[in-house]
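Down below is the structure, laid out as structure tokens.
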Amino acid sequence: MSDFFEQDDVVKEYDSVIVRRIWTYIKKYKKLITLTVLALALSTAGELAVPIMQKHLIDDAIITVNIKLITVMCLILLGILVVVFAAAFVQTLSSSLVGQCVMRDIRLELYKKTLFQSTSFLSKQPVGRLVTRLTGDVETINEFFTTVIVALLKDVSIITGVLVTMLVLSPALAGVVFLCSPPVIAITVISRIRSRDAFRRQRTASSAINAYLSERISGIGIVQLFLGENKSRREYGERNKELLNANLGEMLVLAVFRPTVEFFGTWTTAAVIAVGASLFLRLELSPGELIAFINLTAMLFAPVLDISEKYTILQQAMAGGERVFQLMDTNESITDCAAENEAQNKTENKNQIKGKIEFKNVCFSYNKDEPVLRGLSFKVEKGEKAAIVGYTGAGKTTITNILARLWDIDSGAILIDGVNIKDIPLAKLRRAVLPVLQDVFLFSGTISENISLGVPLSKTQIEDAARAVNAHKFIEKLPLGYETRLSEGAQNISSGQRQLISFARVIAHNPAVVVLDEATSSVDTETEAFIELGIETILSGRTSIVIAHRLSTIRNAGRILVLQNGILAEEGTHESLIAQNGLYERLYSLQAF
């Protein structure tokens, strides 16, 4: 499932399954759809009525020089044009409104689906492509309804109405039009095939250049540090040229198709005029019928052009819809059976989590056949401060991920207060177990919003949390204090300040268990000193697991767990582990120099 985003090379021209799924969203707006269809029918009928009125105006009024009738019929014709304009306005407005509502519904459902996917699934997906699913691909579905379906219905209605009207007015001239149609049909089929191939080339080139841009812009600092600007510019130029050629190929198809159809349309009109003139001279056709027929011929070829030019949009909609519904059908969320059981039984376990942690023979791997934890077992008592150390890759950070069920373990069990965490509702578990991760992430918004994260906390509670981690002083010095807005990535404050805010965020939510994962690894010495001053107060009364590479930060931990290759190698206090002269002593000695 993780590679479903890569399916960008083959697109169905029309997928009835996708259309039916889109329809499930559209049909909720029955009133607007009914209004759209009625307005479309009225607009189409009005357009078809214009040539008929022109026929009667010429034959019944102008030729007979009936001024009064000319005036009346001109007013009627004007009225028809006004109705066509009004109907077209209503149809465009209502169809656009349906499209926007459908996009809103799909975006909301897709975002909700994405939010509840597992970290395992999300970690394998490029962020840029996830964003594209929620924006660009959803937009193609809007175009499918507002541009393709509505236009197709109108074009088919006009073509059908024109052909029927032609047969009624003059079967002979209708036969001329039919005889001239095969070349137009042939060029339309050829254009459709060429357009499909051009679209696929354009789509492949576009995906390649987007992927390249995303990677290079994200790593622009590395590009500059290693003087790779010129090389990157050349590589981008090559991909840009491929996209240019693909776009030109698509434009070439349209550039050839439209003039060709217009040529055959003009040729058909000329044939109609020639044959019609002959019929008129033999008094088998009136002037009004001939003029009406000429106008009907022009009306016939405009929808043919429109339908063919909507073909690329149809392909884009099918491709976008396919990717949107693939993501929507992906179900790799963390199973929350406990919450489902509570909902079914309409009961809620109100027992608060106290914080006793136990790992029982826990095995875990991010990738199959690459185990990270191999039968790990240990206990942390309620209120105890335990530290976890080990070489890189020993599985320290993994403990943070699996304790909060960001990932599910392969085997074994993790217990909190004697209860398997799989039997605790996710919402309850994650309120009770909060980590401070290595990579601090703050949202663009105010500092106050980043501390509360949507929880209704009072200003006093937010400030108390900041004071507890010695963040209040620097926040107060900012121009707007707690209402200072952070930029994207919070780049307008220092890394140490970002870390302090993340500390305050955890304390404000008052969890029973706190996991400090390399919590001071990205701060300077002075800031670290501020953190250390308040850290004991912060963790007082809470179960805490401190993960650190710098062993000096955890010397006073009640118990230190030493991991090696995913198993518990040593356990004890700092002094006892030093005395063992084992793995911990080697780690400590290495850092002492």
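Read-outs: derived from the displayed coordinates by stated rules, not from any lab. On a predicted model such as this, the values are computed, not experimentally measured, just so you know. Here the Cβ positions follow ideal geometry from the backbone for every residue, glycine too, while neighbour counts run over all protein chains shown.
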Task: Backbone HN-Hα couplings from phi across the stretch 45-54 [Karplus 6.51/-1.76/1.60, Hz, Gly and Pro as x] - done: 4, x, 5, 6, 6, 4, x, 5, 5, 4
- [ ] Based on a Kirkwood Rh over C-alpha pairs, give the Stokes-Einstein translational diffusion coefficient of the stretch 349-404 at 20 °C and viscosity 1.002 mPa s in µm²/s.
- [x] 167 µm²/s
Open item on the list: Principal axis extents for the stretch 198-326, Cα atoms only, whole Å, descending order, please.
Closed with: 86, 35, 17
- [ ] Kindly state, to the nearest 0.05, the FRET efficiency for residue 97 paired with residue 351, given R0 = 56 Å and r defined as their beta-carbon distance.
- [x] 0.70
Task: Efficiency of FRET from Cβ geometry, residue 163 and residue 224, R₀ 60 Å, rounded to 0.05 - done: 0.40
TODO: Under a cut-off of 19 Å between alpha-carbon atoms, report the lysines in cross-link reach of residue 310, not counting same-chain residues fewer than 8 places apart.
DONE: 12, 154
Task: Mean Cα-pair separation over length for the chain, i.e. relative contact order, pairs under 8 Å, 6 or more apart, % - done: 15 percent
TODO: Give the long-range amide H neighbours of residue 384: residues separated by 5 or more places, or on another chain, with amide H under 5 Å away, using H modelled in the peptide plane at 1.01 Å from N.
DONE: 544
Open item on the list: Between residue 368 and residue 213, what is the label-point separation in nm under the 7 Å Cα-to-beta-carbon projection?
Closed with: 3.7 nm
TODO: Find how many whole Å separate the alpha carbon centroid of the stretch 152-198 from the alpha carbon centroid of the stretch 26-60.
DONE: 20 Å
TODO: With label points built 7 Å along Cα→Cβ from the Cα atoms of residue 413 and residue 464, find their separation and express it in nm.
DONE: 3.7 nm
Task: By average C-beta atoms within 10 angstrom, highest first, the peptides 291-304, 19-32 - done: 291-304, 19-32
- [ ] Please report, largest first and rounded to whole Å, the three semi-axes of the ellipsoid equivalent to the stretch 90-213, where each semi-axis is the square root of five times an eigenvalue of the C-alpha gyration tensor.
- [x] 43, 22, 9
Task: If the convex hull is drawn through the Cα atoms of the stretch 357-591, its volume per residue in Å³ - done: 126 Å³
TODO: For the stretch 4-329, restrict the atom set to alpha-carbon positions and state the Rg and Dmax in Å.
DONE: 25.6, 87
TODO: Please report, in cubic angstrom per residue, the volume enclosed by the convex hull of the alpha-carbon atoms of the stretch 22-125.
DONE: 102 Å³
- [ ] Above 16 angstrom, tally the Cα pairs of the stretch 167-233 and express them as a % of all pairs, no decimals.
- [x] 69 percent
Task: Gain upon complete extension [residue 575, residue 453; 0.36 nm per residue less C-alpha separation] - done: 39.9 nm
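Please compute the alpha carbon radius of gyration of the chain, then divide it by the globular-protein estimate 2.2 N^0.38 Å. Two decimals is fine.
1.42
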- [ ] Pop a pseudo-label 7 angstrom from the Cα along the beta-carbon direction at both residue 104 and residue 565 and give the gap in nm to one decimal.
- [x] 5.9 nm
